[in-house]
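Trainee: For reference, the structure I am asking about is given below.
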Amino acid sequence: MGKKEANAARRVQAQHVVEAELNHLEWATRQPPNRMFDVEYWRRRLLAVQRQFELTLKQCERVEEILRRLDESEN
């Protein structure tokens, strides 16, 4: 497997990880508030996903939607 093929394989694997993380974050941020996992905790988790992975446009939109929902729940 050449370098280009290895990079493509890693991207596919990373996309799977991002999708799993976003699915979890969407579910978790819809649960009733919890003192241990407050809005700031979930915001940090979302921002970490943005920093660690190269997101697709659709994934960026999902992150922004979750962040908006967190902002609304905080007010």
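Quick note: the coordinates plus some simple rules give every number you see, no bench work behind them. Keep in mind that this is a model prediction, so the values were computed, not measured. Every residue, glycine among them, receives a Cβ derived from its backbone with ideal geometry; neighbour counts consider all protein chains shown.
Trainee: Tell me which residues, restricted to region 27-72, are over 18 Å from His16 (Cβ atoms), of a type in the set (Lys, Arg) and not in a loop (DSSP other than H, G, I, E, B).
Mentor: Scanning region 27-72 gives Arg43, Arg44, Arg51, Arg68, Arg69.
Trainee: Turning to a different aspect of this structure: Under 9 Å between Cβ atoms, which residue pairs at least 6 apart in sequence (or on different chains) link something in region 46-75 that is aromatic (Phe, Trp, Tyr) with a partner that is in a helix (DSSP H, G or I)?
Mentor: Phe53/Ala14; Phe53/Gln15; Phe53/Val17; Phe53/Val18; Phe53/Glu21; Phe53/Gln59
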